[in-house]
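The values are calculated or read from the model by the stated rules, or taken from the named source; none is laboratory data. Because the structure is a prediction, the values reported are computed rather than measured. Quick reminder, even Gly has a Cβ in these numbers, built from the backbone with ideal geometry, and neighbours come from all protein chains shown.
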Amino acid sequence: MRRAIVLVVLAVLAVAALLVPLLGDYYIHVFALVFINIILAASLRPSLNCGQLNIGHSAFMCVGAYTSALLAKHYALPFELTLLAGALLATVVGLIVGYPALRLRGVYFAMVTVAFVEVIRLIAAIWVPLTRGNSGLSGIPKPNLLGFTLVSKSSQYYLAVALTAIALFVLWRLERSRLGLTWRSIGLADNLAQSLGVNIAAHKLLAFAVGCFFAGVAGAFYAHFIRFLFPPEFGFLVATNILVYNFVGGRGHFVGPIVGATFLSLLSEPFRGSAYETIFFSIAMLLTILFLPGGLITLPGKLAELRWWRATAAPTPSPAA
Amino acid sequence: MRSKRSVMWLAFLTVAALSPFAPPTVCAQDVIRFGVSTPLSGPAAPWGIPHKNATELIFDELNAQGGLAIGSKKYRLEVVAYDHKYVIAEGVATVNRLIAKDGVKYISVLGGSVVKAIEEPVNESRVLNLPLAYADGLVSPKNPLTFHAFPSPPETTAFWKWIKEKHPQIKRVATLSPNDDTGWWSIKVEAAYVQKLGYEVVAKEFFERTMTDFNPVLLRILAQKPDIISVLASPAGSVGLVIKQARELGFKGRFIHIGQIDTSVVANIAGKANVEGTWVHGYVQNPLPEKIKSWQARYTKKYGEWNATSIDFANPAFAFVAAVKKAQSLDQKKIAEALQTVEFENLWGMAHFGGKEYYGIGNQILYPMPFSEVRDGVANLVVQLAPPHN
Amino acid sequence: MTAALLLQSAIIGISIGSIYILMALGLTLMFGMMHIINFAHGAVYMLGAFVIYYVFFQGGAPYFAALVLAMVLLGAFGYLVERSVYRPIKGGIEPTLVALLALTTFLQAAGYPVFGQLDKHVPPVFAGTRNILGVMISVERLMIIPVAAVLVVGLYLFINRTRLGAAMRAIEQDKEAAALQGVNVHVVNGLAFAIGFALAAAAGALMAPIFKLDPMMGEQPLLKAFIIIILGGLGSIPGAILGGLMLGLIDSIVATALGAEPAFLLSFVFIIGLLLFRPSGLFGHA
């Protein structure tokens, strides 16, 4: 069952990756953003697995985005360097915030992340000489990768696909490794894990840092793709979106955030610029939380169960005495 | 067996999720689609709504007469409008949608910071833009296809000469504008101009567009005892709150907005008595020349209520239609060339694009600009000024 | 910054602080009892203001009647939310937070088609300005203080002098023990939701004649309320009151001196520090 879900998701992603460029610039743009959201949602998962409710992920996207954008714009550095710089700085910032915040549990940790994401947004808004504040940073160059400037939208799209593939691969391997197992054990019962000798603090910090790194990657790509950065885009509400992608998609499986990010990103795009954009988004959120608490990935299972209920004759008799 | 079913379901969901993206059905051949990205909600909606409505009205009237003739063919004009809520990211997204998805080649965008943000995509895709926006470097040789369709601070500051002559007791000026490109450039131009005229600029403050509590910034301004506060580039919703709160704090001086503001909206928010004596450009309720009275009747008939902002915000549509007629072509470059030379009628008189000596390129609209003073809640025309440069 | 300016911003700050207190009280009550942060509080604030718009301004009803109506309507809504959203989600804190987030996003987004695209305004209930100790302040803003005070005192009396209030305090201390004592935890939780929502609605209703109304108006007050309940201590009512006053004061003074966004930034940085080194805040229980 789970294998099937993973295969389907991979198939859909592969199809999208290959076929979307044929649909024209508009669709390329939309799907590139979907891939960015996938990276963001998937990178939040390690923290969530550890039981840390992080509502501030977009802050690290913001750091990665502005770092990469400013380095490319003012120093003409190539994308591979600015991407790395953005991701690393995002990780460093994450470590600075994460280290003292680790001791906090549950809601207190969440509140710190909420406060922090607003702090980053406000710094970007106030530090006008650097970021041009709420006027936004424009004139960000297109990605200059390994000497080639990616001029066309399709080439940038393929870059997004490649980055997503790398990110998902790394995150997948981490989740399936012993490290990932340790993370989940911390999330389920951290005291128990600690009694077995697990250094909870170090592991939580690592999960947090991994997340920040990939958020920085997503941010750096975003900066060179949209080529315009605006601080309110990285605020509290956007950060909650990333959390929602995880919950609506499903907390129980690695592909959950992928499904959630894809579904919700695609849902709002046709309505962009109208009042209904957010309405459908929020209705989808509400319905999923209320009726599919496990997320969208449990939907096929639930539907199959419904079918099972309908079958009046059971294929095998119940093992009654 | 179960996996097969789940595969089918997921496939179905994917298709369902992607179906809204089916490419639009092929439109009729003879349609000219004109894109509008403007704030249709929020504090700047008093600008955006008449912007969209005026454009649609002019196009509808033309369509009723058979459409726009290019050669032997007649074209129907259609407006594709999106709300950007004066949020720059939405502005970028909606313009991207207009250009990439809806395939429009001519647009009109409202909002200085929005227009700055889309400068590069617009130039790269060679889209003709007739914005209503204040932004530094908007009208410049690097934006050859951008024609600003509304008087900017370099033109409207001429009104301060009139103030100096008629109200010499006003000496101390304070400014309060949005904290972005629009506000920064507007104040830069206005402050420099009034200082040259001999006024003292005692305070220059900026506010975030989402601000509703202006008390802190007003306290700072009022501590400098200004005679007049300029709220250039601020939207009606914010200006209303500013005036209301300033009066609460005891300010008795005048307000001035040489951009454009719907003073009826402002009076609604601040209270009629509080807006008495406010000066504004581009908004006149009384007296209206015959030509505008006719426009008023047509506008009210179509939209159910009158909006005087539509008088000036009809400029993009008038300019576009006149230029296409002159160029006899749908090519953006040819229409742009026509725009630089065409003389056309707007609701205030004859208009043309010029300003080459000031901007480096003649892409700024010029016509006799109306200025009003609010008396008893009504904006009364006090003078129409010729533009200071040609 | 002159003394006169300081005094002026201080008095204005106390007035605004009273509104924030009302928001924070509901939040802290709900946290104390159910350990959830109600992200929907901002939307409720907004709805309270719109009730005033339609019932007082458009409908012509007396202001205080409209205020009470707003509180009753949204209190009922709160009870409904507890029953239909909070109770069915047995998954714990995170799904509840996400559900409340979804609710708030929906209410704010639906506000545009329902209430219209343009910002709305409610004329002042009390006209005029007064000169207090050399400070000019509108009567409208002054009136907030006594009304908020009445509500706060009312809440205090309810919590400390009634049986239901005792039940709430019992649940806050130990849910299971309270249930064993015969307290119907579900109903009392619902009541907490109702009271929290009613207070948020009152805050919005009091603010309506002062600023403007739009569907997103509750976002900033919500963030300020977060700051207050951390400052005062999550779950502490006296903390919410004191925290609200402090934030109102300091925010106003700092905003006058440096600007609104730097003031916001400083308050967030401050509470990060607080959370890291003294999470219990002023009065909270850790």
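Residue count for the stretch A:1-10 satisfying the condition of being in a helix (DSSP H, G or I) and either more than 9 Å from every other protein chain (Cβ to nearest Cβ) or touching a Pro at 6+ places or on another chain (Cβ under 9 Å) (or both): 6. Consider the stretch B:124-150 and keep the residues that are within 20 Å of the chain's Cα centre (by Cα) and among the polar types (S, T, N, Q). The one that is surrounded by the most Cβ atoms within 10 Å (Cβ to Cβ) is B:ASN129.
Listed by position, the helices (runs of 4 or more DSSP H) inside the stretch B:236-323 whose residues that are outside the structural domain of B:MET350 (by TED's automatic domain parsing) and surrounded by 24 or more Cβ atoms within 10 Å (Cβ to Cβ) number at least 1 are B:236-248, B:263-270. Residues that are farther than 30 Å from C:TYR86 by Cα and either touching a residue at least 24 places away in the same chain (Cβ under 8 Å) or facing chain A (nearest Cβ under 8 Å) (or both) within the stretch C:101-131 comprise C:GLN117, C:ASP119, C:LYS120, C:HIS121, C:VAL122, C:PRO123, C:PRO124, C:VAL125, listed in sequence order. Screening C:PHE39 with (1) surrounded by fewer than 24 Cβ atoms within 10 Å (Cβ to Cβ); (2) outside any helix (DSSP H, G or I) gives one miss only, at (1). Yes or no: C:GLU219 acidic (Asp, Glu), within 16 Å of B:THR212 (Cβ to Cβ) and under 15 Å from the mean Cα position of the chain (by Cα)? Spelling it out, C:GLU219 is indeed acidic (Asp, Glu), within 16 Å of B:THR212 (Cβ to Cβ) and under 15 Å from the mean Cα position of the chain (by Cα). Inside the stretch A:243-259, can you point out the residues that are out of contact with any Asp or Glu (no Cβ under 9 Å at 6 or more places or on another chain), more than 11 Å from chain C (Cβ to nearest Cβ) and in contact (Cβ under 8 Å) with a residue 60 or more places away in the chain? Of everything in the stretch A:243-259, those that are out of contact with any Asp or Glu (no Cβ under 9 Å at 6 or more places or on another chain), more than 11 Å from chain C (Cβ to nearest Cβ) and in contact (Cβ under 8 Å) with a residue 60 or more places away in the chain turn out to be A:GLY249, A:HIS253, A:VAL255, A:GLY256, A:PRO257, A:ILE258, A:VAL259.
If you take the residues of the stretch A:253-306 that are in a loop (DSSP other than H, G, I, E, B) and within 24 Å of A:ALA16 (Cα to Cα), which of them is modelled with the lowest pLDDT? Per the stated criteria, the residue is A:ARG272. Selection of helices (runs of 4 or more DSSP H) fully inside the stretch C:153-263 by the criterion of at least 1 residues being of a type in the set (A, V, I, L, M, F, W, C) and farther than 23 Å from C:LEU73 by Cα returns C:163-173, C:175-180, C:219-232, C:237-258. When the stretch A:85-130 is filtered for residues that are more than 14 Å from chain C (Cβ to nearest Cβ) and more than 24 Å from A:GLY187 (Cα to Cα), the ones remaining, listed by number, are A:ALA85, A:GLY86, A:ALA87, A:LEU88, A:LEU89, A:PRO129, A:LEU130. Scanning the stretch B:336-381 for residues that are touching a helix residue (DSSP H, G or I) at 6+ places or on another chain (Cβ under 6 Å), part of a loop (DSSP other than H, G, I, E, B) and either surrounded by fewer than 21 Cβ atoms within 10 Å (Cβ to Cβ) or outside the structural domain of B:PHE318 (by TED's automatic domain parsing) (or both) yields a total of 3. Of the residues making up the stretch B:158-184, those that are farther than 23 Å from B:ARG209 by Cα and assigned to a loop (DSSP other than H, G, I, E, B) are B:ALA158, B:HIS167, B:PRO168, B:GLN169, B:ILE170, B:LYS171. On inspection, B:THR94 qualifies as within 12 Å of chain A (Cβ to nearest Cβ) and either crowded, with 21+ Cβ neighbours inside 10 Å or touching a Ser or Thr at 6+ places or on another chain (Cβ under 9 Å) (or both).
Among the residues of the stretch A:218-249 satisfying the criterion of being out of contact with any Leu (no Cβ under 6 Å at 6 or more places or on another chain) and not in a helix (DSSP H, G or I), which is surrounded by the most Cβ atoms within 10 Å (Cβ to Cβ)? Result: A:PHE230. Just one of (1) over 14 Å from the mean Cα position of the chain (by Cα); (2) in contact (Cβ under 8 Å) with a residue 40 or more places away in the chain fails for C:ILE227. It is (1).
Within 24 Å of the chain's Cα centre (by Cα) and either free of Cβ contacts under 8 Å to residues at least 40 places away in the same chain or away from chain C (no Cβ under 12 Å) (or both): does that describe B:ALA246? No, not satisfied. None of A:LEU196, A:LEU171, A:LEU181 is surrounded by fewer than 18 Cβ atoms within 10 Å (Cβ to Cβ) and touching a Ser or Thr at 6+ places or on another chain (Cβ under 9 Å) except A:LEU196.
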